[in-house]
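What follows is a set of notes on a single structure, which appears directly below.
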Amino acid sequence: MPVVDSAAPPAAVGSPVTADRHDPSHRPLRLAADLVRLVRPAHWAKSLLVVPVALIDVSVWSPAVLGRLAGAVLAFVLAASAVYVGNDVADRHRDRHHPAKRHRPVAAGRVPVPVAYAWGLLLLALLAVLLRAGLAGPAWPVLTYLVLNVWYSRGLKHVPLVEVGVVAIGFVLRVVQGALAAGAAVSGMLLVTVFAACLLLTIGKRRQELLDSGTAHRPALRGYTVELAGHLVQLTSVLAVTAGLVWLRTEAPFAPYGEAAMLLSTPFLLYLMSRYLQLALVRRAGGDPVRLLLRDRAVLVTGVLWGATLVALLAVTQFPAVAAVLS
């Protein structure tokens, strides 16, 4: 049974919490807003990794498949949200000493620990209903994700190198969930690409944390240096680009135009990787990969152009009539 966090910091005079005590009608609204912040809606975009690859093969498109994919996205949104709540409760004392994380709802004392626990349990209950109804495809990727994150919270997050690998595996499981929900084959080279790319972004985030606050906030950072993180960023970026191009050439559903997919994708991939490295290493913007990738105009425009190129090539591949018209 959770207990009230007696170590919660007192509210400052004039703060929203103090104002709520004088105006009780505002307290439920502020608490609801903080509960939403606790599950980090901006990060829900990560769960969309379930969708794109699963929909490349148009032969599997059907209302049932699209419904399972939507269920798979929702399942990972609920699972990740519950994990965020649990991590914020577990890390609340350490977060209070971080310049940015001290403003998180639990660390700041705006959401009491028992309320946060109840919120997390509600999210898990909704997830259980969704999986029990079979609306998200096979349940094992989501359940593996939850077990892995419990293990992460109870110790793996303090093990240098291993902890970034665990975070990256969570994204691989999203892709697996989407493929299984759509009844599509899971490509090994694609999983390597996703793993390497997510490892890159996570290491870039760790590097920025070292620059911003040193090793005090996250114990695992004691196993890194800025120089080591820079070398690991280079290593994982090369692996991600190479594996991605090999996947496009050999295993992606672009046959007989796999070589064209690889060649057309090369300039886009190299620019996107170079732009990320510029933002992370020169502009020191790697601390929030989601914000970086979703708000940088150059990344967005390049991603849209690359996606349009692949969609056009996919149309030629999947619909012979299109190829006949163009030839």
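The values are calculated or read from the model by the stated rules, or taken from the named source; none is laboratory data. Model, not experiment: these values are computed from the prediction. Don't worry about glycine lacking a Cβ; one is built from the backbone with ideal geometry, like all the others, and counts go over all protein chains shown. Calculation scope for accessible area: heavy atoms of the full protein, side chains included, ligands and nucleic acids excluded. Shrake-Rupley method; radii C 1.70, N 1.55, O 1.52, S 1.80 Å.
The Rg/Rh ratio for region 232-327, using Cα coordinates for both the radius of gyration and the Kirkwood hydrodynamic radius, is 1.06. Round to a whole number: what % of the accessible area of the chain belongs to carbon and sulfur, probe 1.4 Å? Carbon and sulfur together cover 69 percent of it. The alpha carbon centroids of region 58-87 and region 188-230 are separated by 27 Å. Counting Lys and Arg as +1 and Asp and Glu as -1 over every other residue whose Cβ lies under 9 Å from the Cβ of D95, the net charge comes to +4. Against the set (1) 18.9; (2) 27.1; (3) 15.2, the structure's computed mean projected area of the Cα convex hull in nm² falls on (1). For the peptides 273-282, 126-135, the ranking by mean Cβ contacts within 10 Å, running from highest to lowest, is 273-282, 126-135. Net charge in the neighbourhood of G170 (other residues with Cβ under 12 Å of its Cβ; Lys, Arg +1, Asp, Glu -1) is +1. The residues of region 32-184 expose, per residue, 44 Å² of accessible area to a 1.4 Å probe. Peptides 38-45, 205-212 ranked from most to least packed give 205-212, 38-45, packing being the mean of other C-beta atoms within 10 angstrom over each peptide's residues.
Shown for the chain are the DSSP H helices of 20 Å or more along their axis, judged by Cα atoms, with a mean Kyte-Doolittle hydropathy of at least -1.0: 63-90, 113-132, 162-182, 188-213, 226-250, 258-277, 297-318.
Remark: the V301-A33 segment gains 93.3 nm on full extension, using 0.36 nm per residue and subtracting the alpha carbon distance.
Solvent-accessible surface of region 187-320, averaged per residue with a 1.4 angstrom probe and all protein chains in place: 50 square angstrom.
Here the label points at E251 and R291, each 7 Å from Cα along the C-beta direction, are separated by 3.4 nm in the simple model.
Below 11 angstrom from the Cβ of A220, what's the summed charge of the other residues (Lys, Arg +1; Asp, Glu -1)?
Local charge sum for A220: +2.
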